[in-house]
Amino acid sequence: MGYTALYRKFRPVTFSEIVGQEHITRTLKNQIIANRVGHAYLLNGSRGTGKTSAAKVLARAINCLNPKEGEPCNECEICKGAINGSLTDIVEMDAASNNSVEDIRAIREEVNFLPTRAQYRVYIIDEVHMLSTGAFNALLKTLEEPPQHVKFILATTEPQKLPATILSRCQRFDFKRISNDNIIKRLKIVCEKSEIEITKEALNIVAVLSEGAMRDALSILERCVQEGENKIDETRIKDLVGIPKITYVHNIIEAILQYDVEKVLENVDIVLTEGKDITNLLWEMIKYVKDILIYKSSQKLDLYSEEETNQIKIIAEQVSKEKLIDLVYQLSELESDIKWSTQRTIVFQAGMIKLCNKQAETNSNIEKRVEKIENYLKSGKGIQVQAMSAQKLAPTAAARMVANSSEPRNNPIKPESITKTRATKKFSNQSEEYWPQILNDLKQSGKIVLYTNLVGTKARQINDMTVGIEFPNGMTAFGKTVLEKQENIREISNLVSIACGKEMQIKYITQNNEVNQISQEENLQNLANESDIPFHIIE
């Protein structure tokens, strides 16, 4: 006798053996007991949740000669014939490979014949969403009004692909993903009957890896016993599935949070040298960051030893929730990039280096906050800027500048009037005279952040095509980020071009081209002193 896979060997033969779908099996048993079985059923759910098993049990139960409380007896000739495949009155059809109109027409011709041995002729059509449009149309009338001796059971993972006319003719049952607890309970039964020794930690890992699919869980378990040993532990599962050790995952995440690129690449090289898959490594990294976030929020963790939990606790105390959430999104984006790349290793390593680039993260966060402030100021409302000190702004990229309404203006400026004013405004042709007018125009138009970083500057025409903007006190790192944005360069160039009566370019001039690290607090205070807009600065 040939070898039988575990998921086939332990396929449920009664409704009570189908785990995690009690809301469905209870209803089906009640229908059988009350003799109110419908003519067409649609079983929908993700892979490995018990759709095909439920269809087989239902087909036997409605034909069983000795049903017991809605369950098939699995001992009568009908049940035994259905189990060993000799009963021709229960027809299983794979719509993925039999999806043509001719296949459905064959069913339409067969339904007119009475069943040979059973009470009902049952058609189980798996992956029904794969049928062609013509096949669906050919099935409609038969599905709506089949002969009394015919029952249809359709199964699919993608019900959204079925025509509404098919859905409306079926009783629909939605199968849920099976919980980890239910998967573990079933795996314990399988291991006990198969004489497989497995640790509690290994069972937890199999349940997590299966992602709610019992068939996947049994397939993983089967891979672990193929080497001839019936003792399975956590390490063995991770080696066979290709999951990197938690030590390396911890070291990589810890190094990313510390911006230690050498440590990150060192641990990545070790994992890749061991033959682990990049996708599995990323999956483990995302899961690990998620677990740190959960621990920081709820102080609860599963599947970790005491030592591993202590390591997670240390990281959780040193990093903010916002940083962890941002890291999950960045790792997910990297996973998406790798999926479509032909150079997966190169893209992955470049992504790791980018995550360790503290300056890039700082500039990115600053740009987002500046854009948020400018968008708010454009609404024409008074503002109250709450800012952190400059010492926290640049080094940690954790500046929080939130614009809130403080004192509404009596006459808010409309964007249309600003545009019109720029088009008709007349400037002096001398830079020392038109530059203050340009700065005032920026303030009136709501470009407060841009205006603030240009306060104290001077304009000097370098040649017929270029105007230089001099920064006598130097340019701050924050100001450099703001002023080098392309939209701000275009804004200043347009105003200068209007003043000069021809298209001009601008150039920033600092002493020795060095960026002066002065306090951002001073920058904001200058604006508060020169503007009639109230500011409140909080340390």
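The values are calculated or read from the model by the stated rules, or taken from the named source; none is laboratory data. In this text the structure is predicted, and so the values were computed from the model without any measurement. As a convention, Cβ positions derive from the backbone with ideal geometry for all residues, glycine included, and neighbour counts pool all protein chains shown. We work out accessible area using only protein heavy atoms, side chains counted, and drop any ligands, DNA or RNA first. Shrake-Rupley method; radii C 1.70, N 1.55, O 1.52, S 1.80 Å.
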Next on the checklist: Can you list residues from other chains, or at least 5 along the same chain, whose modelled amide H is less than 5 Å from the amide H of residue 475?
Outcome noted: 516
Checklist entry - Hey, with R₀ at 51 Å, roughly what FRET efficiency would residue 226 and residue 168 work out to, going by the Cβ-Cβ distance, to 0.05? => result 0.65
Checklist entry - For the range 128-227, what is the accessible area per residue in Å² when the probe is 1.4 Å? => result 49 Å²
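For 347, 449, write out the residues from largest to smallest accessible area, computed with a 1.4 angstrom probe and no ligands counted.
Of 347, 449, the descending order of accessible area is 347, 449.
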Next on the checklist: At 1.4 Å probe size, what's the solvent-accessible area of residue 469? Round to the nearest 10 Å².
Outcome noted: 0 Å²
Checklist outcome for this item: With label points set 7 Å from each Cα along the Cα-to-Cβ direction at residue 260 and residue 317, the distance between them in nm comes to 1.8 nm
Item to check | Sites matching GluC sites (Glu not before Pro) across the range 57-166 that sit in DSSP coil, with at most 15 neighbouring C-beta atoms within 10 Å | outcome: 69, 75
Checklist entry - Which value, in Å² and to the nearest 10, is the accessible area of residue 97 when all protein chains are kept and the probe is 1.4 Å? => result 80 Å²
Item to check | Theoretical gain in end-to-end length, residue 185 to residue 148 [0.36 nm per residue, Cα-Cα removed] | outcome: 9.3 nm
Next on the checklist: Please list, in order, the residues from the range 197-225 whose amide nitrogen is less than 17 Å from a point placed 7 Å along the Cα→Cβ vector of residue 5.
Outcome noted: 210-225
Item to check | Within the range 441-516, GluC sites (Glu not before Pro) in DSSP loop having at most 11 other beta-carbon neighbours inside 10 Å | outcome: 503, 514
Next on the checklist: Give me the net charge for the shell around residue 316: Cβ to Cβ below 14 angstrom, other residues only, Lys and Arg +1, Asp and Glu -1.
Outcome noted: +1
Checklist outcome for this item: Once phi for every residue in the range 247-262 is put through the Karplus expression 6.51 cos²θ - 1.76 cosθ + 1.60 (θ = phi - 60°), the whole-Hz ³J(HN,Hα) values, with Gly and Pro written as x, are 4, 5, 4, 4, 4, 5, 5, 4, 5, 4, 5, 9, 6, 9, 5, 5
Item to check | Out-of-range pairs (alpha-carbon distance over 31 Å; input 51/193; 358/458; 161/339; 185/290; 80/176) | outcome: 358/458
Checklist entry - Per the 1.4 Å probe, what fraction of the accessible area of the range 1-104, in percent, lies on carbon and sulfur atoms? => result 47 percent
Checklist outcome for this item: Amide H contacts under 5 Å for residue 504, restricted to residues at least 5 apart in sequence or on another chain and with H modeled in the peptide plane, are 497
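Expressed as a rounded percentage, what relative contact order does the range 213-297 have, with Cα pairs under 8 Å and six or more residues apart?
Details: 47 pairs, mean separation 22.6, N = 85.
For the range 213-297, the relative contact order is 27 percent.
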Checklist entry - With the Cα gyration tensor of the range 2-97 giving a ≥ b ≥ c as the square roots of its eigenvalues, does the rule (a/c under 1.5 for rounded; else a/b larger than b/c for prolate; else oblate) give rounded, prolate or oblate? => result rounded
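Can you give the FRET efficiency for residue 505 and residue 280, using 1/(1 + (r/R0)^6), R0 = 51 Å, r = Cβ-Cβ distance, to the nearest 0.05?
Working: r = 51 Å, r/R0 = 1.01.
Efficiency computed from Cβ-Cβ geometry: 0.50.
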Item to check | Exposure ranking of 47, 36, 236 by accessible area [1.4 Å probe, largest first] | outcome: 36, 47, 236
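Largest first and in whole Å, what are the equivalent-ellipsoid semi-axes of the range 137-293 based on the Cα gyration tensor, each being the root of 5 times an eigenvalue?
On the way: eigenvalues 360, 105, 33 Å².
Equivalent-ellipsoid dimensions as semi-axes: 42, 23, 13 Å.
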Next on the checklist: Quick check: with the 1.4 Å probe, what order do 41, 259 take by accessible area, largest first?
Outcome noted: 259, 41
Checklist outcome for this item: Note on the range 132-192: the mean projected area of its alpha-carbon convex hull, in nm², is 6.6 nm²
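Two-decimal Rg/Rh of the range 51-157 from alpha-carbon positions, Kirkwood Rh? Display every interim value, and only then the final one.
Values: Rg = 13.8 Å, Rh = 14.2 Å.
Rg/Rh for the range 51-157 comes to 0.97.
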Checklist entry - Quick one: how many Å² of residue 175 are accessible to a 1.4 Å probe, rounded to 10? => result 20 Å²
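Rounded to the nearest 0.05, what FRET efficiency do residue 493 and residue 34 have when you use their Cβ-Cβ distance and R0 = 45 Å? The partial results should precede the final answer.
Details: r = 80 Å, r/R0 = 1.78.
That pair, residue 493 with residue 34, gives E of 0.05.
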Checklist entry - Roughly how many Å is it from the Cα centre of the range 189-254 to that of the range 88-102, as a whole number? => result 36 Å
